[in-house]
Amino acid sequence: MAIGLVLVALSGSACTIPAFGGYKGATDQGHAAFHMWEWSLLTAIAVGAIVWILIFWSVIRYRKRGDDLPKQVRYSTPIEIVYTVVPILIVIGLFYFTVIVEDRIDAVSPTPAVTVKVTGFQWGWRFDYQGSGVSLLPSPTHPATLVLPVGVTTRVNLVSNDVVHGFYIPAFNFSRYAQPGVTNTFDFNPTESGTFIGRCAQYCGLYHSQMLFSVKTVSRGEFRTWLAGQSTGAAA
């Protein structure tokens, strides 16, 4: 029953979600998060399969065959050692790889190619490209678009003007809080061109549902051309 529900959920989301019930990630950091999720899910499936096999084997092997009870065994030391040690080893392994992936996601480059200050406010997002004078603000009808170059590192400094907001990009497998008085710093290394939806993942007030934005990733040449055009417009 449970397996059937999982398969139905995955098949129903196949048109928008690539694999394993999650996005593969459009950045290096997103890829790392997806692979961690992928292996965790495979581990869970393997453990679940073993448990179900043992349950069905016990039901069939030791089913009642008349009035005589099968031989009663109080305990088995080797089996108890196995089912105690194996789960501990699985948890240690998952913890070890989780730390490695978290460190990779949180690592920041000493020489980012682009630096963007992202400011969350009630109710929208502002993107300031450091050193270029380019600032992007939402209009009443169009959310702001964060443009990033593919193949290089973009540094993001995330802040909030008022309350806690959630800076969430599903296709990047990334979410981070924008908090008043705190600057959260992280890097993005986009790996593919495209346009991706972003949103606020933390309830922040009356118009929380309107705190949308989009992320557009383009080639480095296209990004330089776009940024130059925006700089010219800002200067004018």
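A few remarks follow.
- When the stretch 184-196 is limited to residues that are in contact (Cβ under 8 Å) with a residue 60 or more places away in the chain and in contact with a Phe, Trp or Tyr (Cβ under 9 Å, 6 or more places away or on another chain), the one that is surrounded by the fewest Cβ atoms within 10 Å (Cβ to Cβ) turns out to be F186.
- Which listed residue, of I105, I90, is touching a Ser or Thr at 6+ places or on another chain (Cβ under 8 Å), surrounded by 12 or more Cβ atoms within 10 Å (Cβ to Cβ), among the hydrophobic types (A, V, I, L, M, F, W, C) and touching a residue at least 40 places away in the same chain (Cβ under 8 Å): I90
- If you go through the stretch 197-217 and pick out every residue that is more than 15 Å from Q179 (Cα to Cα), free of Cβ contacts under 8 Å to residues at least 40 places away in the same chain and of a type in the set (G, A, S), you end up with 1.
- Leading residue by the ranking (nearest to F223 (Cα to Cα)) among those in the stretch 174-204 that are hydroxyl-bearing (S, T, Y) and outside any strand (DSSP E or B): S193
- Residue in the stretch 183-198 that is more than 18 Å from G30 (Cβ to Cβ) and among the hydrophobic types (A, V, I, L, M, F, W, C) present: no
- Filter result for Y177 (in contact (Cβ under 8 Å) with a residue 24 or more places away in the chain, hydroxyl-bearing (S, T, Y) and loosely packed, with under 12 Cβ neighbours inside 10 Å): no
- Listing of helices (runs of 4 or more DSSP H) fully contained in the stretch 1-120 that carry 2 or more residues being under 20 Å from the mean Cα position of the chain (by Cα), closer than 30 Å to S135 by Cβ and modelled with pLDDT of 85 or more: 28-61, 77-106
- Reported count of residues in the stretch 163-198, each being touching a Cys at 6+ places or on another chain (Cβ under 8 Å) and under 20 Å from R104 (Cβ atoms), is 2.
The values are calculated or read from the model by the stated rules, or taken from the named source; none is laboratory data. If you're wondering where the values come from, they're calculated on a predicted model, not measured in any experiment. Methodologically, a virtual Cβ is constructed for each residue, glycine included, from the backbone with ideal geometry; neighbour enumeration extends over all protein chains shown.
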